[in-house]
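Notes follow the structure.
The values are calculated or read from the model by the stated rules, or taken from the named source; none is laboratory data. All figures in this text were calculated on a predicted structure; none of them were measured in a lab. So basically every Cβ, Gly included, is an ideal-geometry build from the backbone, and we count neighbours across all protein chains shown. For accessibility, only protein heavy atoms count, side chains too; no ligands or nucleic acids. Shrake-Rupley method; radii C 1.70, N 1.55, O 1.52, S 1.80 Å.
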Amino acid sequence: MGKKISPYEKVKQARIKMELTQSQVAEKCGITLRQYQRLESGERSLTSTSVHVGVTICDLLKLDIHDLIA
């Protein structure tokens, strides 16, 4: 069985795969760069952010929100 990837790592991998910078994602989601960095690093939980921001990040990065909060 392989190592389980954290939700934060999934977000980071998706961003890198789409060739976006943290700054670009933050801008498109209407949050500050530091707010996004905290989400991507796991310093702040994705479940503690607003639904709008969480859904926007998932839509932008083509991620299923259920995979990130389960």
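Descriptive notes on the structure:
- At least 2 residues being touching a Leu at 6+ places or on another chain (Cβ under 8 Å) and at pLDDT below 95 is the threshold, and among the helices (runs of 4 or more DSSP H) wholly inside region 1-41 those reaching it are 7-17.
- Those residues of region 45-70 which are assigned to a helix (DSSP H, G or I), touching a residue at least 24 places away in the same chain (Cβ under 8 Å), open to solvent by less than 60 Å² (accessible area, probe 1.4 Å) and out of contact with any Pro (no Cβ under 7 Å at 6 or more places or on another chain), in sequence order: VAL53, THR56, ILE57, LEU60, LEU61
- Residues of region 16-44 that turn out to be within 16 Å of ILE5 (Cβ to Cβ) and open to solvent by less than 60 Å² (accessible area, probe 1.4 Å), as a count: 3
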